[in-house]
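Student: There's a structure below that I have some questions on.
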There are 2 protein chains.
Amino acid sequence: MRVVLFGTGNVATRLGSALREKNTEILQVFGRTEAAAADLARLLGCPFTTSQKEIISDADLYLLAVSDDAIPGLLSGIPVGDRLVVHTAGSVSMEVLAPFARNFGVFYPLQTLSKQKPVDFGNIPICLEANRPENLEKLDALARTISDKVVHIDSEQRAQLHLAAVFACNFVNRFYAIGDALLKEQQLDFDLLKPLIAETAAKALQFAPATVQTGPAVRNNRKVMEKHLKMLAQHPEWQKLYELISQDIFHTPK
Amino acid sequence: MRVVLFGTGNVATRLGSALREKNTEILQVFGRTEAAAADLARLLGCPFTTSQKEIISDADLYLLAVSDDAIPGLLSGIPVGDRLVVHTAGSVSMEVLAPFARNFGVFYPLQTLSKQKPVDFGNIPICLEANRPENLEKLDALARTISDKVVHIDSEQRAQLHLAAVFACNFVNRFYAIGDALLKEQQLDFDLLKPLIAETAAKALQFAPATVQTGPAVRNNRKVMEKHLKMLAQHPEWQKLYELISQDIFHTPK
């Protein structure tokens with residue numbers, strides 16, 4: 001498959017690299033800013049453009065790894081005709097592509113991707129959706145070149161998956177950051193928390209998380225919780241979070 | 001060191017096992033209920049008792065791995081004399097032991113421990129505190145038999161470390177559980193989230209978490225956040241959490 005890649009961010013960088021490594025031909029990178037587009041094009045060994053007019057018109061796949069809001073504006077300027085167009089967003093319905101293309105779908109890798117850190121795509125779920133069975137087949141073949149975990153799910157399921165991922169990844173990372181900040185206040189090193197972070201994640205891979213909940217809230221240890229709330233007096237927003245989550249843990253049937 | 005171990009829960013089980021494996025002699029297990037005490041005693045190959053009167057009086061160390069509130073009641077019934085007494089709690093000041101003992105301290109393993117899952121203690125931070133340097137030395141020698149990461153910190157630092165751990169472990173696990181619950185609502189398998197959970201933790205071991213924050217909140221993607229809040233209509237408590245954490249992420253300087 002010959003691909004034009006739209007976007008220069010975390011998803012475009014990592015997904016483009018993974019496809020390139022498995023010999024998918026990246027014909028061109030499109031980016032809004034020249035520096036970013038040039039950087040990614042160099043990494044992928046292909047040309048780039050910042051002009052919609054210069055986009056190669058006979059690619060097999062137009063892969064949109066751009067911010068959700070940029071999708072319609074981008075497509076309105078490109079005559080894709082019968083070519084296959086996909087976006088990579090967790091919470092954007094496939095149908096946003098319908099006004100612009102006859103063949104379209106979604107290619108959503110469920111992973112936290114950063115430019116800084118390469119990842120092995122082999123076990124990353126690639127969530128696919130397409131407007132026609134033959135498009136789904138094409139996307140399936142492409143996805144299987146980079147991952148062993150290809151799933152076909154609809155837009156509603158994908159949105160729910162994305163929501164679950166926000167809790168299990170984005171919000172989790174925020175709590176790592178809060179932990180880091182709290183330690184710094186007492187001149188303690190974040191390294192102290194790392195074995196705990198690793199073990200907490202390892203447990204979730206092995207047991208249903210609700211069944212291995214530990215901590216003051218699940219034991220309803222009010223004395224410790226009151227102490228922690230007082231210690232958070234300088235961080236009213238974290239104090240509120242502490243209270244809400246502790247209640248949520250305590251009120252969940254065990 | 002010859003140790004009497006108080007408690008039969010997660011900490012007593014895992015810490016007792018780790019010490020036993022490195023040839024610390026566990027003289028006796030004390031537990032409130034016979035079944036639990038007998039189970040742990042069998043695991044550790046030692047006798048047990050449920051009666052404070054039968055506690056062996058010439059041990060080198062009385063190791064209290066019991067619930068925070070049980071500590072004073074337990075000690076008031078045991079004439080420990082000059083023997084060394086330690087508790088294992090994150091948020092309990094060392095000074096609670098002062099009315100009952102002349103030699104006392106804290107032996108706090110910073111890890112999420114469950115009866116179900118053995119852990120390698122080798123990289124678990126053991127946080128020590130003692131009322132006299134010679135007691136700290138004894139605890140240090142014992143801790144080093146099971147861990148390479150022994151640290152000496154005071155009660156205030158330990159409390160802050162425990163608070164940070166509640167965010168980075170207990171609350172994180174709650175979010176894994178919320179993710180699991182959300183997936184079940186759409187007949188999706190929790191396995192889909194596992195590579196994401198593993199990668200999010202792996203990133204935190206490598207980068208300062210605040211610098212690798214991803215997701216709708218850090219991009220201030222209001223459309224996605226509004227959509228997610230609507231999807232959480234049946235879970236007002238999770239909706240509130242979603243709002244608070246998203247604001248917290250967005251307002252944190254990048």
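Student: So what's the gap between the Cα centers of the range A:123-183 and the range B:115-136, to the nearest angstrom?
Tutor: 39 Å
Student: To continue, here is another question. Considering only the label points, 7 Å along Cα→Cβ from Cα, what distances in nm to one decimal separate A:S67 from the same position in each other copy, shortest first?
Tutor: So the distances to the same position in the other copies read 5.0 nm.
Student: Right, another one. How are the C-alpha pair distances of the range B:1-144 spread across 5 Å bins, as whole percents from the shortest bin up?
Tutor: 2, 10, 22, 26, 23, 13, 4, 0
Student: Given Cα pairs under 8 Å that are at least 6 residues apart, what percent is the relative contact order of the range B:1-142? Don't jump to the answer; show the numbers that get you there.
Tutor: Details: 269 pairs, mean separation 29.4, N = 142.
After rounding, I find 21 percent.
Student: Using only atoms on other chains, find how many Cβ atoms lie within 10 Å of each Cβ of peptide A:181-193 and report the average.
Tutor: Details: counts 5, 9, 7, 2, 4, 10, 3, 9, 2, 6, 3, 10, 11.
The mean count of partner-chain Cβ atoms within 10 Å per residue comes to 6.
Student: So what is the accessible area of chain A per residue, in Å², with the probe set to 1.4 Å? Provide the component values of the computation, followed by the final result.
Tutor: Working: 10560 Å² over 254 residues.
Per residue, chain A has 42 Å² of solvent-accessible surface.
Student: Here is a further query. On average, how many beta carbons from a partner chain sit within 10 Å of the beta carbon of a residue in B:115-124?
Tutor: Values: counts 0, 5, 6, 0, 4, 2, 1, 1, 4, 3.
Partner Cβ neighbours, averaged per residue: 3.
Student: Taking B:K53 in one copy and the same position in all the others, each labelled 7 Å out along Cα→Cβ, what are the pairwise distances from the first, in nm, shortest first?
Tutor: Sorted ascending, the copy-to-copy spacings read 9.9 nm.
Student: To confirm my reading of the symmetry, which residue of chain B has the Cβ nearest the axis that brings B onto A, and what whole-Å distance does it have?
Tutor: B:A201, 2
Student: Give the long-range amide H neighbours of A:R2: residues separated by 5 or more places, or on another chain, with amide H under 5 Å away, using H modelled in the peptide plane at 1.01 Å from N.
Tutor: A:D60, A:L61
Student: Charges at C-beta only: +1 for Lys and Arg, -1 for Asp and Glu. How large is the resulting dipole of the range B:60-218 about its Cα centre, in Debye rounded to 20? Could you put the intermediate results ahead of the total?
Tutor: Numbers: 13 positive and 18 negative charges, 29 e Å.
Charge dipole of the range B:60-218: 140 debye, to the nearest 20.
Student: Quantify how strongly other chains surround peptide A:216-226 by giving the mean number of their Cβ atoms within 10 Å of each of its Cβ atoms. Please report the intermediate quantities before stating the final value.
Tutor: Values: counts 7, 4, 3, 4, 0, 5, 1, 4, 10, 2, 0.
The shielding value for this peptide is 4.
Student: With the convex hull built on the Cα atoms of the range A:96-254, state its orientation-averaged projected area in nm².
Tutor: Numbers: hull surface 52.1 nm².
The orientation-averaged projected area of the Cα hull of the range A:96-254 comes to 13.0 nm².
Student: List, shortest first and in nm to one decimal, how far the label point of B:K223 (7 Å from Cα along Cα→Cβ) is from its counterparts in the other copies.
Tutor: Sorted ascending, the copy-to-copy spacings read 5.3 nm.
Student: Computed on protein heavy atoms with a 1.4 Å probe, what is the summed buried accessible area for the chain pair A and B, in Å² to the nearest 100? Before the final figure, lay out the partial values.
Tutor: Details: alone 14970 and 14980 Å², together 21130 Å².
Summed over both sides, the interface buries about 8800 Å².
Student: Next up: Evaluate the relative contact order of chain B (contact order divided by residue number), counting alpha-carbon pairs under 8 angstrom at least 6 apart; express in whole percent. Display every interim value, and only then the final one.
Tutor: Details: 359 pairs, mean separation 30.6, N = 254.
Worked out over chain B, it gives 12 percent.
Student: Per Stokes-Einstein, at 37 °C and 0.692 mPa s, what whole-number D in µm² s⁻¹ belongs to the protein assembly as shown, with the Kirkwood radius over Cα pairs as the hydrodynamic radius? Before the final figure, lay out each step's value.
Tutor: Values: Rh = 25.0 Å.
For these conditions, the coefficient is 131 µm²/s.
Student: Please report, as a whole percent, how much of the solvent-accessible surface of chain B comes from carbon and sulfur atoms (probe radius 1.4 Å). List each step's numbers first, then the result.
Tutor: Details: 5290 of 10570 Å².
Carbon plus sulfur share of accessible area: 50 percent.
Student: Something else now. Count the net charge of all other residues whose Cβ sits under 14 Å from the Cβ of B:G81, scoring Lys and Arg as +1 and Asp and Glu as -1. Walk me through the numbers before you get to the answer.
Tutor: Working: positive: B:R83, B:R102; negative: B:D58, B:D60, B:D82.
The answer is -1.
The values are calculated or read from the model by the stated rules, or taken from the named source; none is laboratory data. Computed from a predicted model, the values in this text were never measured in an experiment. Every residue, glycine among them, receives a Cβ derived from its backbone with ideal geometry; neighbour counts consider all protein chains shown. For the accessible areas, the whole protein counts, side chains as well, though only heavy atoms, and no ligand, DNA or RNA atoms are used. Shrake-Rupley method; radii C 1.70, N 1.55, O 1.52, S 1.80 Å.
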